[in-house]
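The values are calculated or read from the model by the stated rules, or taken from the named source; none is laboratory data. A quick note: this is a predicted structure, and the numbers were derived from the prediction, not measured. All Cβ positions, even for glycine, are placed from backbone atoms using ideal geometry, and neighbour counts span all protein chains on display.
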Amino acid sequence: MGGSLGLAVLVTVAAQITGGATGPGALSSGYAAAFWVAAGLLAAAALAAYVLLPGESRAAGGGPVASRTDAAEHEGDAAGR
């Protein structure tokens, strides 16, 4: 869904820039504008991810979290000794 929506937005940008012209220069300008819009959206998404998602230093506990299967494996090792 996201890919088709993104493609629709970029095609709309390219069509608005070309104004219906089909010459190589107009198409090139439209594609360049769509590329820059895509690059801007990518940069905005990367910035949002950097700001909004917690990093390793901000994660609760500060260290790796052991899963239940890891704990069960270690428990079995201790019982077998």
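Could you please find all residues in segment 1-14 being more than 18 Å from residue 40 (Cβ to Cβ) and in a helix (DSSP H, G or I)? Within segment 1-14, 4 is the sole residue that qualifies.
Residues in segment 40-59 that are more than 26 Å from residue 10 (Cα to Cα), among the small types (Gly, Ala, Ser) and within 13 Å of the chain's Cα centre (by Cα): there are none. Inclusion of residue 46 among residues that are assigned to a helix (DSSP H, G or I), modelled with pLDDT of 95 or more and surrounded by fewer than 11 Cβ atoms within 10 Å (Cβ to Cβ) is warranted. Does residue 65 satisfy the criteria of being at pLDDT 95 or above and among the β-branched types (Val, Ile, Thr)? Against the criterion (at pLDDT 95 or above and among the β-branched types (Val, Ile, Thr)), residue 65 does not qualify.
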